[in-house]
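This report concerns only the one structure given below.
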Amino acid sequence: MRRPRGEPGSRAPRPTEGATCAGPGEPWSPSPNSMLRLLLSAQASAARLSGLLLLPPVQPCCLGPSKWGDQPPGGGLHAGPVQGLQRLLEQARSPGELLRWLGQNPTKVRAHHYPVALRRLGQLLGSQPRPPPVEQATLQDLSQLIIRNCPSFDIHTIHVCLHLAVLLGFPSDGPLMCALEQERRFRLPPKPPPTLQPVLHGGQRLEAALSCPHFLRRPRQHLIRSLAEARPEELTPHVMVLLAQHLARHRLREPQLLEAIAHFLVVQEAQLSSKVVQKLVLPFGRLNYLPLEQQFMPCLERILAREAGVAPLATVNILMSLCQLRCLPFRALHFVFSPGFINHISGTPHAFIVRRYLSLLDTAVELELPGYRGPRLPRRQQVPIFPQPLITDRARCKYSHKDIVAEGLRQLLGEEKYRQDLTVPPGYCTDFLLCVSSSGAVLPVRTQDPFLPYPPRSCPQGQAASQSTTHDPAQRVVLMLRERWHFCRDGQVLLGSRALRERHLGLMGYQLLPLPFEELESQRGLPQLKSYLRQKLQALGLRWGPEGG
């Protein structure tokens, strides 16, 4: 028996789907005129309508669950009358028929049917050569149906209906758009009340700035102002440690801030442990800055005498900073070189690093403290100080000039007349080392011992070599790269560890030839660099044969 058209379950050919348009929340470009005005205008052409609206099919599974209970008993979302009504809406041939299916089947209408109806309305009005006439009452009735039922829509269905209504040209201040927008806002999670930022003063503001994970290089005036505004009780050890670590990490040689740390250390001497003091002293050695505070050194000597046996690693760390400043206290050296201290640290987890630091301190005593007569680190306990390039150089090797300088020396002198990254006793790594005869000729390195004796022969054990002399006629020339990160941030003062290495190499008898980063960066290409190296070497009186291959 043939079913009458319009009864649920009847079939009709599915219309051709339109091209995909922007989804909810995606950008779109409607006509300046309202879509409804175009739909109701007699002059509206089919091409104009189809250009305004080509919408994709709306699948109920994409719209999320509905408060109406889209799942009918005994079947899934696509089963029974619910799917039949969606099929009828998708195959409706006029706006009036769309409204009839929605109005005559209230028990079968679900939330996702309304965006299906809006989509079909757009297809009917935008894809036919002669769009059927649309009565204003039909559009108003469809709007009222959606307005009446939108409180039961889920948030995704509301978004889809809003998007389709905008594309269809419903006015933004009309009842349909206002109702959908009100429901959308109603479903948004409530905004938490704005949190009141606490008013920070002095040390609190300084601590907040320094503790921020995204804080890299705060404007220096901000740090100085925060420090100046802080009350004495607000400058806690934690705040000052954060400041010291910040200055050391970013190589900021700021005299005002460093003097403030030194003054704090002197004032709070009785309350500070050596573990805190090692962190406060760190930037002074790293930044090669000896504070003007007159009680700075006496205060550190008292702290070392009080806590040297409590925290061995902290004690050695403090002495390392003072070693870079050439301010080693004899009393503390007597303690750390004593057999009891050395035996105590031998069984600890940090024994190796302490032995390395003690080896460097012993070298400083050998080269820089002629008046020291106390115990020394036994030879069997000594280890190489820096047996390889420092971590910062390895981390920034791709920015270094070492490779291009090596190539320039290879073409200028030949590979056999220099050594790269050679570690010389007592454990300093050199960038480039040349052996030079007494007449200034550059000698092949393989024919010479590249190392100068350590301790220097002019210096008996326990005495310093202020001006080392050697019986070896060949000189050792060390080319020292001075990269940008070897300096404090201002680019004028070498970091403490770099200055210490150059100082000790010079005291051992090596002739140093610094290559500053400003001069290296100004060379454009290998030919200019070779000319620059030639001038540097000739200024020392060096001479060599034809350029190597």
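The values are calculated or read from the model by the stated rules, or taken from the named source; none is laboratory data. The shown structure was predicted, so the numbers you read here are calculated from the model rather than taken from an experiment. Here the Cβ is made from the backbone with ideal geometry for all residues, glycine too, and neighbour counts use every protein chain on show. Remember, those area values only see protein heavy atoms, side chains included, never the ligands or the DNA or RNA. Shrake-Rupley method; radii C 1.70, N 1.55, O 1.52, S 1.80 Å.
Close amide H pairs (under 5 Å, H built 1.01 Å from N) link R543 with A441, V442, residues at least 5 positions away or on another chain.
For the set K402/K536; K417/K530; K398/K530; K275/K402, the pairs lying more than 26 angstrom apart at their alpha carbons are K275/K402.
Multiplying the residue separation of E229 and T423 by 0.36 nm and subtracting their alpha-carbon distance yields 64.9 nm.
Residue ranking by accessible heavy-atom surface, 1.4 Å probe, largest first, among Y454, Y289 comes out as Y454, Y289. Distance between the modelled labels on D173 and S152, one decimal in nanometres: 3.3 nm (7 Å Cα→Cβ projection). Listed peptides 417-425, 87-95 appear in the order 87-95, 417-425 once ranked by packing, highest mean of other Cβ atoms within 10 Å at the front.
Accessible surface for segment 471-549, divided over its residues, is 45 Å² per residue with a 1.4 Å probe.
Remark on L287: its backbone amide H falls under 5 Å from those of G496, a criterion applied only to residues 5 or more positions apart or on other chains, H modelled at 1.01 Å from N. Between R543 and D403, the modelled labels are 3.6 nm apart [label points 7 Å from Cα along Cα→Cβ].
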